[in-house]
1. Among strands (runs of 3 or more DSSP E) lying entirely in the range A:152-250, which contain 2 or more residues that are closer than 30 Å to A:Thr23 by Cβ?
2. Run down C:Ile396, C:Ile388 and say which single residue is among the β-branched types (Val, Ile, Thr) and in contact with a Gly (Cβ under 9 Å, 6 or more places away or on another chain).
3. Working carefully through the options C:Glu276, C:Glu296, find the one that is of a type outside the set (Val, Ile, Thr) and more than 14 Å from chain B (Cβ to nearest Cβ).
4. Give the residues of the range C:344-358 that are farther than 23 Å from C:Ser191 by Cα and surrounded by 24 or more Cβ atoms within 10 Å (Cβ to Cβ), sorted by residue number.
5. Does C:Ser191 count as on the phi < 0 side of the Ramachandran plot and not in a helix (DSSP H, G or I)?
6. What are the residues in the range A:90-114 that are buried (at least 22 other Cβ atoms within 10 Å of the Cβ), of a type in the set (Val, Ile, Thr) and not in a loop (DSSP other than H, G, I, E, B), if any?
7. Take C:Val472 and decide whether it is assigned to a loop (DSSP other than H, G, I, E, B), among the β-branched types (Val, Ile, Thr) and surrounded by fewer than 24 Cβ atoms within 10 Å (Cβ to Cβ).
8. If we scan the range C:485-507, do we find a residue that is within 14 Å of another protein chain (Cβ to nearest Cβ), of a type in the set (S, T, N, Q) and farther than 23 Å from C:Lys542 by Cα?
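The values are calculated or read from the model by the stated rules, or taken from the named source; none is laboratory data. Not measured: the values here are computed from a predicted model. Neighbour counts run over all protein chains shown; Cβ positions are idealised from the backbone, glycine included.
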Amino acid sequence: MKPPPFTYHAPGSVDEACTLLGTLEDAKVLAGGQSLIPLLNFRLARPQHLIDINRIAGLDRIYERDGGVAVQGLVRQAMVEDSDVVARVCPLLTDAIRLVAHRVIRNRGTVCGNVAHADPASELPAVLLALGGSVVAKSVRGERVIEAGALFAGVFETTLAPDEILVEAWFPSSSKPYAVIEESRRHGDFALAGVVRAGDQLALFGVAPTPVLADRLDPARGLEPSGDLEASPDFRLHLVRVLTAQAFAA
Amino acid sequence: MKVNGVERAAPDETRLLLSDHLRHELGLTGTHVGCEHGVCGCCTVLLDGAPVRSCLMLAVQAEGHEVTTIEGLARDGGALHPVQQAFHECHALQCGFCTPGFVMSVVGLLAQHPRPTEQEVEEGISGNLCRCTGYASIRRAVTRAAELNSSPLVGKYPPKAGDGA
Amino acid sequence: MTTRWFGSPVQRVEDDRLLRGKGRFTDDFDEGALECCFVRSPYAHARIKSIDATAARAMPGVVAVYTAAELPFGGVDLPLLIPHPNLTHGRTQRCLAAERVRYAGEAVAFVVAESRYLAEDAAELVDVDYDPLPVVITPEAALAAEHLVHDDVPGNVAAEMLQEVGDVEKALRAAPHSKRLKLRYERAAASPMEGRAVWARWSAGDRKLMVYDSTQSPTSIRGGLAVLFGLPESNVEVIAPDVGGGFGPKIMLFYPDELLVPYAAMQHGRPVKWTEDRQEHFTAVNQERGQVHEVEVGFDGDGRVLALSDDFIHDGGAYTPYGIILPIISAAQLPGPYRIPNYRVRFRDMYTNATPTSPYRGAGRPHACFVMERTLDAIAADLHLDRIEVRRRNLIQAGEFPYDVGVAWQDGNTVIYDSGDYPTLLDKAIAKLGPKPPGDNVGMGIGIYVEGTGVGPYEGAHVQVLVSGKVVAATGIPSQGQSHATVWAQVVADELGVDVGDVEVTSGDTRRFPWGVGTFASRGAVTAGNAMHVAARMVADKAKHIAADHLEAAVEDLELSGGAVRVKGSPDRGIPLGAVAVLSNPVRYAFGGGTEAATQFAAQPREGPPLRDGEQPGLEATGYYSPPGSTWASGCHAAYVRVDPKTFRLEILKYVVVHDCGRVINPLVLQGQIEGGVAQGIGGAFYERLAYDGDGQLRNASFMEFLMPYATEIPSIEIDHIETPSPLNPLGVKGAGEAGVIPVGAVLASAIEDATGMKITEMPLSPLKLYELSMLKK
């Protein structure tokens, strides 16, 4: 379980990173590495080039803008967890972060990396979707904003272009009432199914190839979740109904 | 990179994991490798004071940072660190393989929560697997360590993002 | 014997180095060792058409790539460790498969390179052409025998064994009530935090092989390597250094690497190391627990069992290197603490295309206990009787020991319980459990078990008092975390009247003690513990004899205390043990450290030659202990659980253990063993499973999907003890290592059934499984 060979790049600026990403074939961005490095160790990912963005200065700010909170590309999940700004502006995000793996993982893992990884069972993409947030993507071609609703394309797939880096995620202020509830086998595991409530909005995770918005009165409608060792499609639909009821009873 | 206070060169081999660098290049074999996919926590070290998985970092990424391993907690032959002492008193280790990772996680936990609640203890050690103890003695050890707490790392952690700054 | 240390919660002497990161585990040894990686079969069953390692061999940094063709022992079957007359079709694998692979993960080629990174790169270049064959993956499929795992093993049956006590058919016919149950237990994995590892160095000059091995039996590895390589045993040294947990599978030998690493070291003139990674651990290391039982029980209106018939199949895996110990133990231990007047058990050990099986903590017992306890719950349910009362009515009573169960035990004898008090265990557990917590969906579960511990054939120990007065002790059996160094120091310290901190124990190092068996079957305290006692007593006697001359006192008037031999009643008249050690070795030269007292011209010469007939120099002795039979530990676990009716999340509200392992050497250590065992049991009952698909692929070979519990999943456990000393050994001890895990599946099944009203007939469970059962109920 050792990473396969790759060429390592450690750009010092976002522009430099974008240039590398725009010119190198088969390159992957390394942020917190808490998902990518296991994939390398299992040799399930074997990119030719690894672009480590951790040396980029000035990409680790959390700040308020446009009635929400912006989290830059190198902000670790633990920083968000401990952030007073986040707790004040978007406490839903604070609650959700605490469900992401374990503190030791959150010390290294980034919010933007988590979103860009687009694990269908991950909490943060669903939070972004429920809140109607957005991300900022950068490339040599320029910068663009992608709404959460247009970001997630499939299992581990986003609409980020191959040459784009996700440099910021913006979470709108969480309107009350809000809740994030999930069912997982062990504390910190990926959810078998989960729900995020933001006011009247409901987003589900773990039950479709991407996080999805759903109708609180019939949350399982139209869903065709996959089955795995710990949850059958049926059980996932059942959990969605149970968790939605809990979220809206709160 | 600085490892246990000593300046060390980063390896030439860029794919070398930090865990392998510590163990096999620097001879710091107290950091153990139990799964190499970030679940078991045996390889936990402090990076600039915060516990992280050394199997989920490339060694070159530690360049410019301070790494503290289990060997860096107590001076050779000197008194044990309060967390180590508490683990001893509470029989919180059996085979000792997961122990360095637990100790480093608990050092981080107590830096964050010097007087942890029951739930904080539980969650604070929930990223580490132990197959021997059943965790009860480790929970007791964390509570005991908080009593003994004179953690030299208190105050250095957590690293706060510049909230709006 | 004084009992200053025996029975005290002495804090561990092992801890300091482990806490400082100064422990020495096998992978910690380096010395510029070459590193290795296996090429393993991706198929559960396939014919190997060809293997081409040309590209791998050509890769820079690669030292060698071995296939069976390159090995002098490539055509030799690995040993069948424990033969048995009923194992009519025993089969073992070869070091590297050449023609056929029979489980996913079976070793095919072995790469030796400058680093593990390069070895893994090269392994990817080894081109193996497989022709996949039909796969037999469950024991039921093995029994159906549509396909064969071994062409020459008809019906996939490795072994069959039938035993009967009494007349089961007659008793079943006569019984007022009867019931049939089908019960299933899945495979499980021990998953120690340290995987397996082997490091070897060959010193060509003096033809010496030195091996560090994360094994539970270094003495056996040494014996085997000496045979294989044609070396005197004295030229082979095997050390199990710190071992990061074993829990059974590290007793298995030989794994292919245990031959290949030493062989490669002999070939290349450099130390060679192989360290298993977690992914390969899941398929390359032995597993166990897969069994399907069909039970028929006859009982009376009071719930007393009149006859029990069990016919079970055991998932043996692809090979039977460890013989049929597991089903033998299951068959023997199934009646547990209950009086079963007519008992018949048949098992068939089935070949499947899965990793071979050998003991994992509990070894055949958790499943046996599950079957017996499920049966008693079913009887209680049928008769609308209280589950506890049904158990009470069937228990063997305290006055019935020794109790002969009448079936075969793993040591070749029959099962004879030496001592115990099962009704008291039950009463204490129920009292400790207390009233049912309020709320809905809460259930109570209970399980009682006995465990045959401390099996032979023997262990030995060497104890020596140094001239410094410190004591060193050694035994062949290694530690895998059970605190051996502490508890044996306690035993030795009591015999020699020294401080426990003055006794340094070395275990599992053939340089220090070359004979012995290994750590398994909850046998360390019984076998090596008593051997330590024997050796220390011999040393004490020798010390008294030597001191008697100098103190001018009779041997019977001497005692050892406070680090000295003293005249009883005259505490001032004594001689320090260190001085006795000096005197024990008559020397020609006074080289310091008090040796002038032991020269022939010393102040107090004694009569006769310096060494009298039969005397040996040194204040040391080697002693052995060979148990006449197993010691039978026992315990009762009880729990309250809550099962969420919607999410089927399990919450263990209270879990109590009352345990009896005879005399307790160290309650702190014992508590740790039980807490850890129960946690492992909870993992096995509700979180962990080995999910093989129909193609024989293990679908969850990582800690992300094989759900070992974290602290958040394990409750606090309340423990109490009773002590019924074993009459079979001087210390009166029984084993305790496996106890905690044994009844947990049975207890949780009972509690979950009680909480949900759903019949539980299999292990492990999960929220998904409970959800599916609830759908069936609807």
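1. Numbers: elements: A:152-154, A:165-172, A:178-183, A:193-198, A:201-205.
In the range A:152-250, the matching strands (runs of 3 or more DSSP E) lie at A:152-154, A:165-172.
2. On the way: C:Ile388 fails: in contact with a Gly (Cβ under 9 Å, 6 or more places away or on another chain).
Answer to the check: C:Ile396.
3. Values: C:Glu276 fails: more than 14 Å from chain B (Cβ to nearest Cβ).
Checking each option against the conditions leaves just C:Glu296.
4. Of the residues in the range C:344-358, the ones farther than 23 Å from C:Ser191 by Cα are C:344-350.
Within the range C:344-358, C:Val345, C:Phe347, C:Asp349, C:Met350 meet the criteria.
5. Details: on the phi < 0 side of the Ramachandran plot: no; not in a helix (DSSP H, G or I): yes.
The answer is no for C:Ser191.
6. Initial filter on the range A:90-114 (buried (at least 22 other Cβ atoms within 10 Å of the Cβ)): A:90, A:92-93, A:96-97, A:100-114.
Add one more test, that the residue is of a type in the set (Val, Ile, Thr), and what stays is A:97, A:100, A:104-105, A:110-111.
Correct list: A:Ile97, A:Val104, A:Ile105, A:Thr110, A:Val111.
7. Values: assigned to a loop (DSSP other than H, G, I, E, B): no; among the β-branched types (Val, Ile, Thr): yes; surrounded by fewer than 24 Cβ atoms within 10 Å (Cβ to Cβ): yes.
When the stated conditions are applied, C:Val472 does not pass them.
8. There is at least one residue in the range C:485-507 that is within 14 Å of another protein chain (Cβ to nearest Cβ), of a type in the set (S, T, N, Q) and farther than 23 Å from C:Lys542 by Cα.
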